[in-house]
1. Looking at the range B:484-499, can you tell me whether even one residue there is outside any strand (DSSP E or B) and touching a residue at least 60 places away in the same chain (Cβ under 8 Å)?
2. At the interface with chain A (Cβ under 10 Å from one of its Cβ atoms) and aliphatic (A, V, I, L, M): is that true of B:A595 in this structure?
3. I need the full set of residues from the range A:334-356 which are over 11 Å from the mean Cα position of the chain (by Cα) and among the acidic types (D, E), in order please.
4. Could you tell me which numbered condition A:E475 fails, if it satisfies all but one of (1) closer than 20 Å to A:T32 by Cβ; (2) outside any strand (DSSP E or B)?
5. Being of a type in the set (G, A, S), over 29 Å from B:I553 (Cβ atoms) and either modelled with pLDDT of 95 or more or not assigned by TED's automatic domain parsing to the domain that holds A:Q419 (or both), is that true of even one residue in the range A:304-316?
6. Can B:P650 be described as under 30 Å from A:H304 (Cα atoms), open to solvent by 40 Å² or more (accessible area, probe 1.4 Å), part of a loop (DSSP other than H, G, I, E, B) and more than 11 Å from chain A (Cβ to nearest Cβ)?
7. What are the pairs, 6+ residues apart or on separate chains, where a residue within the range B:199-218 that is of a type in the set (D, E) has its Cβ under 7 Å from a residue that is not in a loop (DSSP other than H, G, I, E, B)?
8. Looking at the range A:595-616, which of its residues are of a type in the set (D, E, K, R), more than 31 Å from the chain's Cα centre (by Cα) and surrounded by fewer than 19 Cβ atoms within 10 Å (Cβ to Cβ)?
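The values are calculated or read from the model by the stated rules, or taken from the named source; none is laboratory data. Computed from a prediction, not measured in an experiment: that's the story for all the values here. Here the Cβ positions follow ideal geometry from the backbone for every residue, glycine too, while neighbour counts run over all protein chains shown. Remember, those area values only see protein heavy atoms, side chains included, never the ligands or the DNA or RNA. Shrake-Rupley method; radii C 1.70, N 1.55, O 1.52, S 1.80 Å.
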2 protein chains.
Amino acid sequence: MATETGTSPAPTTHQPDGAEDGLLVAATRRGTQTPVAPTRGALRPLGTDEVRLTGGFWAERQRINAVGIIPHADAWEERVGWIDNFRAAVDGDILTTRTGREFADSDVYKLLEAMAWEHGRTGQASLDARIREVAALIGRVQEEDGYLHTLYGREGQAPRYSDLEWGHELYCYGHLIQAAVARLRTGVHDELVDIALRAADHVCHEFGQDGRDAVCGHPEIEPALVELYRATGERRYLDQARLFVQRRGHRTLKDIEFSRSYFQDDVPVREADVMVGHAVRALYLASGAIDVAVEDADRDFLAHLTAQFSRTLARRTYITGGMGSHHQDEAFGDDYELPPDRAYAETCAGIGSVMVAWRLALATGDLSWGDVVERALFNVVAASPSPEGTAFFYTNPLHKRVPGAEADPDVVSPRAFAQLRAPWFEVSCCPTNVARTFAQLGSYVATATDDGIQLHQLASATIETVLETGAVTLEVATSYPDSGEVTITVVRAPAGETEIAVRVPRWAHGAAVLDGERVDGDVARVRRTFADGDVVVLEVPLVPRVSRPDPRIDAVRGCVAIERGPLVMCAESIDLDGDDVAGLTVDPTSVREDAGTVRLTGTVARPAPEPTAGRVWPYGSAADRGGDAGDVRTVAVDLTPYHAWAQRGPSTMRVWLPADVDQAPHREEVAPHHA
Amino acid sequence: MATETGTSPAPTTHQPDGAEDGLLVAATRRGTQTPVAPTRGALRPLGTDEVRLTGGFWAERQRINAVGIIPHADAWEERVGWIDNFRAAVDGDILTTRTGREFADSDVYKLLEAMAWEHGRTGQASLDARIREVAALIGRVQEEDGYLHTLYGREGQAPRYSDLEWGHELYCYGHLIQAAVARLRTGVHDELVDIALRAADHVCHEFGQDGRDAVCGHPEIEPALVELYRATGERRYLDQARLFVQRRGHRTLKDIEFSRSYFQDDVPVREADVMVGHAVRALYLASGAIDVAVEDADRDFLAHLTAQFSRTLARRTYITGGMGSHHQDEAFGDDYELPPDRAYAETCAGIGSVMVAWRLALATGDLSWGDVVERALFNVVAASPSPEGTAFFYTNPLHKRVPGAEADPDVVSPRAFAQLRAPWFEVSCCPTNVARTFAQLGSYVATATDDGIQLHQLASATIETVLETGAVTLEVATSYPDSGEVTITVVRAPAGETEIAVRVPRWAHGAAVLDGERVDGDVARVRRTFADGDVVVLEVPLVPRVSRPDPRIDAVRGCVAIERGPLVMCAESIDLDGDDVAGLTVDPTSVREDAGTVRLTGTVARPAPEPTAGRVWPYGSAADRGGDAGDVRTVAVDLTPYHAWAQRGPSTMRVWLPADVDQAPHREEVAPHHA
């Protein structure tokens, strides 16, 4: 689908040395249509040119993205004037007309990145034309020395880099560079690429070893610069990224109300044991740090970052995979501080978590990182857009006590919460982030080694690549997550002995079956010399599961969550005949699946009528009490996949369901599990 | 102690009409040393000139206030330059030198108010001199037409009233006026009073019926103007307060990220069923609205406001009496959204709750509002200052997962949380609010009717006033809340039949004993013709109680709180031999008191060591689990009164203690109680 010749460097030579984590293994190919293409690592990512989603859940998201999200975002960026900001900068009236927040430019770049991947995937000419049109405008705004931002540096504006805490100039370059990488990786070297290269060179000059000893308040340029190095072979970009990662945590940013941990500038990256502060910032920083560790073959640093993310998953992550417990600073909370009602779980943090987990999978070869990717994709990223792709959740709470208001499809939401999916936000990072992620989806599905293909996500797809053992084409067919059967047909078999490895989700350990044989462990593997037409069948049981929290997660004590396959389920009041989920208590032993619907039984207590005299005090002993506790009725509740909640109008909703006390486990029964 | 003649109007005539709520009963006296002196209502407040605290818990707080908080606040307001702002305004260099937030002026006024009450209470001449000194400075800053603010209106500053959402100009007048009222009520008419009168007249002109159709982003001027009316008899101040209350909720303020509910401008006051938005704003507004309802003898409005506050207590209040569940906007959450770890429960909101409950007690004669006052005073307001009165909590969480850092006694805290008590804050509303409240404490203890004295708070005090039945002096002796015995000696008995009524806290209903006889209900009453030297003894049982939450308060499901008398208790890690409160599970049946210490037994689980390989995922079924759940040991835990927590250095802490599951009640056992 590429229309021009790319500038990607020639593939480097494969240098196997048997290192287990693969860090000393240089990649045999790179430059395919993938956003993350390390020069070394255990697994070689396959891009959207090698993995095409052919149907099912994720292909449907790509369709929504193409017909809904991308055109919707383009229209809104014109409507709110964020593209016009560039026009105004050209026309000279930016001082009086600029709209949007400090980082409005970045959303234009993220839209271009989404369009670039989508163009690479589909070859749609109108996307290419639109990218060139907007890039031409951006090019006219870029200054002689490569500086580029619509809010700073002009006469009458604040000076360049005068507000590194909140100015987001380097953050914006990061997204610009990622858009350029998308062009290069899809075989296009156009003006957008030249603009990004000039900006990157400017950054290296301005913030290099002898330049400003500073970092950006919002990490993002770090992974972008590493990827630009990977796409161009220019080591100065990697060096600059490394410098930014090394500088972070040394308190060059000002202290703020949320403290320097907000932008991870409190503790050096190599010393931070668990993620802190603003969740998206922390996850983008970790992505860039992993990229640096991989390129430097720095095993200690990679191990540190792996442990940091593992601790974050163990202590600071919602069952949906969502991250960020605080609304105030969009931040991680303390360990086990995971309130379901105040879950921030920003859509962009879900994407950040996918970015981190995917990088770790590529570096280490551990397919079980795909569990993290899968959980966040199904239960955070997929929850954001409406089925039409024209409205979005910014935050993804696990409990909604009051039905959110339907958002006006013509009004920009000033708030990241309190409403149902909204068409656009004053801070509108999420819609374009979803757009670029959906356009890239094929690139998170499979990887290759010299003699094997690894399937990380269970999705219908055609996988076509060349291994050392020969060219291979696989056809994966599944209706996952509706059913758990995955059929892999070897349409074109490589000549040599080859392994097909498929991630088995942790919840299916010991229950999955490969060609009739029980799978023990994280991965189902078949190694043989395949013949054309061979079929491998994996069955992953999708019976609904009752999940209990670590007892230290105080906010959901005494509750259970129901999961089915990769989907976290929730109860919505619309399924309770007008009652509120606040009164629901469930019998965890009653969970069953019934014609595709997950259902359980319980009771709903209706609140007692307000007393006409006296006051209610909600705390006390049995002896203090009096009055009527309200009606209690038995109910059967149909659960909804969390990602599909609030698609039938305002409802109260909860993922964590109070369990009948008789069924509650003893403390020692609910300890966390290791694997 | 007053040194000049006050301007208080002559006492109005008593006009009994038998109305139960007392709203049509005009007060027989007013102008005593009390911050709230309605012209009508069921009960007549006794001021600090009539009620002197003579010992015990609250007298100790008054001592701390005198030797610690007030001089500390004065020194810090000089140190951070908030008083210098007025000097700079006089000197003409305010544009370049002003420090502090928009509302910094208000903290100077609140300090003056605290000093005024303290001067009235003690007659300390240096306080009077200091008030006059600062007032002289303020007077030079006030403009010809009465306008007064250090941040607005000068050439080079934003225009007056150009930012009603955040400018706080009217809020500052409110505190200025309350300081002036304190002067008038303590018998002093000085320059501060004249300044406040000019400011109030300016407000009536600028925002009157024909003026700007606007309200302040932070309610406060409403109760202040009513009180100024009460202190001066000038109806225009009442009219202006009524206008502000009526205008609120009609969306004259701009929409903001937190929505207009933040400043209660979303719904008219007469239609708002429960408190919403910023808690201090909501409580100050309710105080002013109650004042207007009382002065207007508007029974419907008073009933509405009473129900609004009752619902707020039933659904949106912590067991400590704390209000405000959100850090982000310092706001009330949804119904039953009461996370203990993220409790904001701002000290000032505790004071606001006292303000509202006290007004309702005076208007309605219902002594049980004293329960609300008592809970907030003991468990929110008293928790804020250190024993020396030189450091303060701004927020009052019920669960601290990570030991807070000790604050540097020489550094202004940029944050309202994450530290232990801090000497001063960038937003430093709480210390001066505590100071004025402690100086006023005597005025919340007792009230009078024509033929009775009502004791609202159980505190050692001398009460001296004149009833229709004659002059009366009572000596109240108690070491409450250490012990529950309250001895009331009628030192001077009134001639006629008189009633002594004492509030019986709800938790002691049916267990309190008055002169050997069981008390049934909210109030212990003795009515007779007393003789000098008569003694009345009330015994309130203080056995530790196990309190359970309404089941809709999800965040503390499965937990119990231990209370003893008015004190909410907590567990601190310092009492767990180095273990964290995170691992604590208690046996609620084990609670006992032992030589004044409340103690219970339970277990502490130490976290399992981090796995060296693999990842921990904190959700799952028993079947998913593996590994070691960690050591569990049996412990006896000494509990600490919540107000005294963090006085022995950093600790983790929790009020709500997970209860052994075997002991957990069934749902129907933990419904809220009515009374």
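1. At the first step, the residues of the range B:484-499 found to be outside any strand (DSSP E or B) are B:484, B:493-497.
With touching a residue at least 60 places away in the same chain (Cβ under 8 Å) added as a condition, the list becomes B:484.
Yes, that holds for at least one residue.
2. Values: at the interface with chain A (Cβ under 10 Å from one of its Cβ atoms): no; aliphatic (A, V, I, L, M): yes.
Answer is no for this residue.
3. At the first step, the residues of the range A:334-356 found to be over 11 Å from the mean Cα position of the chain (by Cα) are A:334-344.
Within the range A:334-356, A:D334, A:D335, A:E337, A:D341 qualify.
4. It is condition (2) that A:E475 fails.
5. Start the filter on the range A:304-316 by keeping residues that are of a type in the set (G, A, S), which leaves A:307, A:310, A:314.
In the following step, the residues that additionally are over 29 Å from B:I553 (Cβ atoms) were identified as A:307, A:310.
Checking which are either modelled with pLDDT of 95 or more or not assigned by TED's automatic domain parsing to the domain that holds A:Q419 (or both) leaves us with A:307, A:310.
Yes, the range A:304-316 has at least one match.
6. Numbers: under 30 Å from A:H304 (Cα atoms): yes; open to solvent by 40 Å² or more (accessible area, probe 1.4 Å): yes; part of a loop (DSSP other than H, G, I, E, B): yes; more than 11 Å from chain A (Cβ to nearest Cβ): yes.
Taking the combined requirement at face value, the residue satisfies it.
7. B:D213/B:R247
8. Start the filter on the range A:595-616 by keeping residues that are of a type in the set (D, E, K, R), which leaves A:599, A:606, A:610, A:615.
This time we only want the ones that are more than 31 Å from the chain's Cα centre (by Cα), so: A:606, A:610, A:615.
A:R606, A:E610, listed by residue number.
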